[in-house]
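What follows is a single structure, written as structure tokens, with notes after it.
What follows is calculated from the coordinates using simple rules that are stated; it is not laboratory data. A quick note: this is a predicted structure, and the numbers were derived from the prediction, not measured. No Cβ is skipped: glycine too gets one built from the backbone with ideal geometry, and neighbour counts run over all protein chains shown.
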Amino acid sequence: MYIGSIELKNNIILAPMAGITDLSFRTICKEKGAGLVFTEMVSSKGLYYGDKATNRLTKIDDWERPIGIQIFGSDPKIMGYIVEKDLNQRDDIDIIDINMGCPAPKIVKNQDGSALMKNPKLVREILRSVIKVSQKPVTIKIRMGWDSNSINGIDIAKIAEEEGVSAVTVHGRTRDMFYSGKADWDFIAEVKESVGIPVIGNGDIFEPEDGVALFNHTNCDAIAIGRGSMGNPWIFERIQNLLDGKEDRIPTTREKIYMAIRHLNMACDLNGERVGVKEMRKHIAWYLKGMKNSNEIKNKINTVEEREEVEKLLMLYLEKEG
Ligand SMILES: Cc1cc2nc3c(=O)[nH]c(=O)nc-3n(C[C@H](O)[C@H](O)[C@H](O)COP(=O)(O)O)c2cc1C
């Protein structure tokens, strides 16, 4: 499938996740079959003011491409400016995605993220400002609406199509649901019926079968996986296997532990040992989820600070339980 001029190897996508989809995790998901990966959301203002921490989030490796960088903000001028002066110059970025779904209070209080869905006029202005200058395909990621009384995802998707957006990712929840309840796949199907641009369905794919079911239920062009990929990058190739009529293969304990160690090493190389080890605690807990007697090792890992120590604990666990 194509998003604008960008060809994807398959249509199973890693959704953007703040604090999760950094270079190390994206590389792993790519290796395990994701057809497209996204950075976590990056502040357009942070880029505009040259903030170092913001810039670090945009570090990309050629290996993980094609990749979309996701930006958030609500100032059409600033967003257009950073696309024209910064992101256009970056040969390593393939797609520019605009966040219209983040429900976090600190984001929506600035009118960013899902707050944009309350302001279709501003959505149009942002898209016009960005698309006028962008040399790369522009996509958006939306929710159903702000709350159950203001479901307007279809209107927003239509505005996006009119303004020249190349694809829209639809998370089948409202802002006030945050991540609770069930994603409404019927709504994703309605968006797919309403616009001609590619629709990427998103929400509640936790098992490979869910991925196939979301395609079938909505007729969407691609699917994006968020939480279901945590500690579980195999989900991409497993969905592809099911789509290809091949047999499903569940990763072994050994594969999961080895992947956790690789991920740990990549995260430490990327962010330094102190930050890497800390950030990996949550990932390791996800890799170990459902494994027998893993509480003890998880607790121990949360107390050590050296990469080598974490690796030793994981190998010890594998010898004992694997
Ligand atoms: C920890 C976390 C961080 C997230 N960060 C982002 C983000 O930066 N940008 C975004 O568009 N969505 C973000 N999301 C939403 C996901 O991309 C996705 O839309 C949502 O989790 C529903 O998909 P899922 O059921 O497959 O997880 C985040 C979700 C989680 C759980």
**Fill in**
A correct Stokes-Einstein calculation for segment 32-80, using the alpha-carbon Kirkwood radius, 37 °C and 0.692 mPa s, returns a whole-number D in µm² s⁻¹ of 279 µm²/s
**Fill in**
XL table Lys109/Lys300; Lys77/Lys106; Lys9/Lys59; Lys136/Lys282; Cα-Cα > 28 Å flagged, in table order, is Lys109/Lys300; Lys136/Lys282
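Calculate how many DSSP beta bridges within the chain are antiparallel, expressed in % of all such bridges and rounded to the nearest 5. Write down the numbers at each step before the final one.
Values: 3 of 34 bridges.
Percent antiparallel among DSSP bridges in the chain is about 10.
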**Request:** When you have a sec, figure out the Kirkwood radius of segment 41-172 from all distinct Cα pair distances and drop it here in Å to one decimal?
**Result:** 14.7 Å
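Rounded to the nearest 500 deg cm²/dmol, what is the calculated helix-only ellipticity per residue at 222 nm for the chain, with -39500 (n - 2.57) per DSSP H run of length n ≥ 4? Write down the numbers at each step before the final one.
Numbers: 14 runs with 145 residues, N = 322.
Counting only the DSSP helices, I get -13500 deg cm²/dmol.
Per the Kirkwood treatment, what hydrodynamic radius in Å, one decimal, follows for segment 241-319 from the mean inverse distance over all distinct Cα pairs? Working shown, then result.
On the way: mean 1/r = 0.0758 Å⁻¹.
Averaging 1/r across every pair of different Cα atoms and inverting gives 13.2 Å.
Relative to the compact-globule scaling 2.2 N^0.38 Å, provide the ratio for the alpha-carbon radius of gyration of segment 1-97.
On the way: Rg = 13.0 Å, N = 97, 2.2 N^0.38 = 12.5 Å.
Normalised Cα radius of gyration, segment 1-97: 1.04.
Give the whole-number value, in cubic angstrom per residue, of the convex hull volume spanned by the C-alpha atoms of the chain. Write down the numbers at each step before the final one.
Numbers: hull volume 40.9 nm³, N = 322.
Each residue corresponds to 127 Å³ of Cα convex hull volume.
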**Asked** What do you get for Rg/Rh over segment 56-125 if you use C-alpha atoms and the Kirkwood form of Rh?
**Response** 1.01
**Request:** Starting from the eigenvalues of the Cα gyration tensor, five times each then square-rooted, give me the equivalent ellipsoid semi-axes of segment 199-288, largest first, whole Å.
**Result:** 29, 15, 10
**Item:** Charge dipole (segment 1-124, unit charges on Cβ, about Cα centre) - positive-most of Asn110, Pro66, Ile98
**Value:** Asn110
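Please return the longest range in the chain lying between exposed loop sites, taking GluC sites (Glu not before Pro), DSSP loop only, at most 11 other beta-carbon atoms within 10 Å, and leaving the sites out.
Values: sites that count: Glu247, Glu305.
Excluding the exposed sites themselves, the longest stretch runs over 1-246.
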**Prompt:** Along the charge dipole of the chain, Cβ charges K/R +1 and D/E -1, which of Met17, Ile205, Val304 sits furthest on the positive end?
**Reply:** Val304
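To two decimal places, what compactness ratio does segment 112-164 give when its Cα radius of gyration is scaled by 2.2 N^0.38 Å? Walk me through the numbers before you get to the answer.
Values: Rg = 11.0 Å, N = 53, 2.2 N^0.38 = 9.9 Å.
In units of the globular-protein estimate, segment 112-164 measures up at 1.11.
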**Prompt:** Dimensions of segment 114-268 along principal axes (Cα, Å, largest first)?
**Reply:** 52, 36, 30
**Prompt:** So, in Å, what gap is there between the alpha-carbon centers of segment 162-228 and segment 91-137?
**Reply:** 18 Å
**Request:** Kindly put Thr27, Thr252 in sequence by how many other C-beta atoms sit within 10 Å of each C-beta, fewest to most.
**Result:** Thr252, Thr27
